[in-house]
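The values are calculated or read from the model by the stated rules, or taken from the named source; none is laboratory data. Keep in mind that this is a model prediction, so the values were computed, not measured. Cβ coordinates were reconstructed from backbone atoms using ideal geometry, including for glycine residues, and neighbour counts include every protein chain displayed. Accessible surface areas use protein heavy atoms only, side chains included; no ligands, DNA or RNA. Shrake-Rupley method; radii C 1.70, N 1.55, O 1.52, S 1.80 Å.
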Amino acid sequence: MGVPIDIALPGQTRVDALALPLAQPLADLSGEGARIVDEKLGGRLRELAASGEFRGDRGEALLLHTSGDLDAPRVVLTGLGKRAEVDLDAFRTAAAVAAQALGRVGGTVGWLLDESLPASLPDQARTLVEGTIIGGYTPGRWKTQDTDKRPRPIEGIVIAHFETQELRDAAERAALLAERTNRARDLANMPPNELNPHTLAEHAQALAGELDHLKAEVLGPRELDKLGMGALSAVGRGSRNEPRLIVLRYDPPSPTRKDVQLGVVGKAVTFDAGGISLKPANKMEDMKGDMAGGAGTLHGIGAIAALRLPVRAIAVVAAAENLPGGDAFRPGDILHAANGKTIEIVNTDAEGRLVLADALWYARREGATHVLDLATLTGAMELALGDLYAGFFANDDEWRDLISAAGDRSGDLVWPFPLHERYRRYVDSAYADMKNSSTLRQASPALAAMFLEEFAGAGPWAHVDMAGPGFLERSRGDYYRVPGGTGYGVRLIAELASSLA
Ligand code: BES
Ligand code: MN
Ligand code: ZN
């Protein structure tokens, strides 16, 4: 696995295409690299800018043949938009659009950096690498016809600059994160007849086999019963594909802080039909992506291990399939969760919080000090924030700030929502310690967070509701340009772990 990365001055390695990110106004041709390319091409860049054939808008790319005037046979111009508005996502998007433009070519691409732009060179390098690899992803793995029309893969990325350790580290780390992000996308895109709790667990075991200091353990129905995990078990009861609790432990040889263990907990409902509270048919197929939090969690801890970060971490992924059936759990049932609390079921489609309840308890029991859960939990969060930001709730100010910062830097964006004791009444039940849903159509993301808090134990905890950005119905127009899984969480988790180290 892995797109090879190189750092080399233009002319020192051959690439199939040289790529130039360009900001507006184009007339400046601000970067030294762009000026040299323009000169060698006899002023063609300025001509294209003057004629308006290339404008440099964000999301615009133009592929040119250099006909021997340059070492590289092709140049891709790719727009960053207005110079004053250039941010890290502008680089990621420019790179993704260039990668798509190179879909008929494939091969190697060399990126020219621009010192005059408002991002450090390592930040330019890492976001261009991320954008190239994430933007080059295709979800059509199951197509068997017209395979020649498939985009050709990018086989190597060169950062066209003299080599520094900082640039190399930034680019290699970005490639690793982007590839693992794409692997999480593969899981989310897998159809539910191929990906179920059992096959997801096998995937986790294979992942642990690839990486040093990462160990997998899988708990099946009997073990779940022994631990009293009545919430996770109930959700899985309607399906012949039985539930699993998938645990990955990363124990680095010399952690910076022995007293810290990051706990990441993921919802992996491999298909959410809603159970007895059946969902409408429209778009139900997208509920194969209801395991996206678990996928991000697995490959997030995989990234931590691959980067050899000196932070202890545990991932707990609660996998189940939520179907109606003769043995399915029902509205009216009262469940006993592993922490001893009882839950009245009002709606079997509010299943994510149930599988997470037992997984959160388990993460704490195994010594997690700082907990983060990731889940495609509520449709209302997608209504609120769309496909860009995930909303999140935290019980600790410092933890909230660390997560916000990790979100901004990583590209997995998060926006804080209020966790307030006075939302607790939304889950009050006449019969049990709490209910899993409410007929009130108010603040369902906050209600879910209050529910989860009952199982989060003592210490910093945050809940990320990624229903919007976890699985896309269509291109987002930025560096996610295809529908389906996004791998949301992989980069967030790696960044957060780095900030704990
Ligand atoms: N998996 C869904 C949430 C979801 C919806 C994710 C759309 C992504 C896109 C979750 O299990 C669910 O069904 N939530 C319900 C809860 C309700 C029954 C309280 C919802 O949000 O409608
Ligand atoms: Mn549901
Ligand atoms: Zn769900």
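Results, tabulated for the structure shown:
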| item | result |
| --- | --- |
| Extension reserve of the R150-K283 stretch, reckoned as 0.36 nm per residue once the Cα distance is removed | 45.3 nm |
| Ranked order, H203, H336, H161 - accessible area, probe 1.4 Å, largest first | H336, H203, H161 |
| Projected label distance in nm at L9 and E53, using a 7 Å step from Cα toward the beta-carbon | 3.2 |
| Cβ-Cβ FRET estimate between E39 and D408, R0 fixed at 45 Å, reported to 0.05 | 0.75 |
| Between the range 181-222 and the range 1-47, the Cα center-to-center distance that results, in Å | 40 |
| Paramagnetic reach from D428 (point 7 Å along Cα→Cβ, amide N under 20 Å) across the range 434-462 | 434-455 |
| Nearest-10 value in Å² for the accessible area of S475, using the 1.4 Å probe | 50 |
| Within the chain, longest stretch free of exposed chymotrypsin sites (Phe, Trp or Tyr not before Pro) [DSSP loop, at most 11 other beta carbons within 10 Å] | 163-430 |
| Over the range 159-233: Rg over Rh, Cα atoms, Kirkwood Rh | 1.17 |
| Difference of contour (0.36 nm per residue) and Cα-Cα distance, E163 to E202 | 10.0 nm |
| Longest DSSP-loop-exposure-free segment, trypsin sites (Lys or Arg not before Pro), the chain, at most 10 other Cβ within 10 Å | 284-440 |
| In order through the range 366-373: 3J(HN,Hα) via Karplus (6.51 cos²θ - 1.76 cosθ + 1.60), integer Hz, x for Gly, Pro | 8, x, 5, 9, 10, 10, 9, 10 |
| Solvent-accessible area, 1.4 Å probe, carbon plus sulfur percent, for the chain | 48 |
| Above-threshold pairs, the threshold being 30 Å between Cα atoms, out of K149/K283; K258/K435; K215/K258; K82/K267; K215/K267 | K258/K435; K82/K267 |
| Convex hull volume of the range 195-500 per residue (C-alpha atoms, cubic angstrom) | 118 |
| Per residue solvent-accessible surface (Å²) - the chain, probe of 1.4 Å | 40 |
| Pairwise label distance in nanometres, K82 with W415, each label 7 Å out on the Cα-Cβ vector | 2.1 |
| Whole-angstrom gap from the range 394-463 to the range 245-281, using each part's C-alpha centre | 16 |
| Relative contact order (%) - the chain, alpha-carbon pairs under 8 angstrom, separation at least six | 15 |
| Descending semi-axes in Å of the range 5-181, equivalent ellipsoid built from Cα gyration tensor | 23, 19, 16 |
| DSSP bridge orientation in the chain - percent antiparallel, rounded to nearest 5 | 35 |
| Karplus 3J(HN,Hα) series, Hz, for the range 123-134 with 6.51 cos²θ - 1.76 cosθ + 1.60 (x for Gly, Pro) | 5, 4, 4, 5, 6, 5, 5, 4, x, 4, 6, 5 |
